Amino acid sequence: MKNRYTTSIFQALVLTTSLQYAQSAVAAGFDENPAHLHGHAQLNLVIEHNQLEIQFNSPAVNLVGFEYQASTADEMARVEKLRQQLTNVSELYRFSGSECQLKTAKIDLNQILPEQPIRHTKPSDQDSQTEHHDHYHKDEAQAQHSEIKARYQFNCTEATKLTVIEVNFFNQFEHLNYIQALWITHQKQGLSELERGANYLKLDE
């Protein structure tokens, strides 16, 4: 029940505050919808009791270098590397004020995964040209704004004492430049923009 309770609170709080913060974000110079900007990503964070939930959304190009369905061995290798990077949370987040242990991690790479298994047989030249032509137009039509989504749930010893979260996505992904962070605790809520060299999310300010 706690898991479902925290998730419902996470969804409700983000929905009820997103419009308010979108208005203040525009006034402050933040982008209202950074998920469609290359180099930009979105981080939503909610603390409820001793539960911490974080949702990270980013255009695929920031993380793997393309926004279409992977179709080569090299592209599939990049997708698998990304899965491992997003699962290795100790390299992505560091907490100050309370210890937090990962409970669940859900990584959604569906928009860049192939619909069918990749064939490694070599087609004829004519088939290759036709397949390349069709694949090119399919990519353009269907995958202009592919997104990667990751959701993490943590159990913290004293979540109310969390003061700072170091967000280290920039160390992992060279094409990621900014993260717009919306955070909500039992006492406060805020909107911050993180970037290289300024990647600390301060919850006590």
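The values are calculated or read from the model by the stated rules, or taken from the named source; none is laboratory data. Just so it is clear, the structure is predicted and the values come from calculations on it, not from any experiment. Please note: Cβ atoms are built from the backbone with ideal geometry, for glycine as well, and neighbour counts cover all protein chains shown.
Selection of the stretch 167-189 for residues being in contact (Cβ under 8 Å) with a residue 60 or more places away in the chain, more than 11 Å from Val46 (Cα to Cα) and not aliphatic (A, V, I, L, M) yields Asn168, Phe169, Asn171, Gln172, Phe173, His175, Asn177, Tyr178, Gln180. Among the residues of the stretch 70-108, those identified as β-branched (Val, Ile, Thr) and exposed (fewer than 14 other Cβ atoms within 10 Å of the Cβ) are Thr72, Thr104. Residues being at pLDDT 95 or above, within 19 Å of Ser192 (Cα to Cα), surrounded by fewer than 20 Cβ atoms within 10 Å (Cβ to Cβ) and not aromatic (Phe, Trp, Tyr) are entirely absent from the stretch 140-149.
Here Glu67 fulfils each of the conditions (1) at pLDDT below 95; (2) surrounded by fewer than 17 Cβ atoms within 10 Å (Cβ to Cβ) apart from (2).
Is it the case, given these coordinates, that Thr130 is within 26 Å of Asn44 (Cβ to Cβ), out of contact with any Phe, Trp or Tyr (no Cβ under 9 Å at 6 or more places or on another chain), among the hydroxyl-bearing types (Ser, Thr, Tyr) and modelled with pLDDT under 95? So Thr130 fails the test. Residues in the stretch 192-205 that are at pLDDT below 95 and touching a helix residue (DSSP H, G or I) at 6+ places or on another chain (Cβ under 8 Å): Arg196 only.
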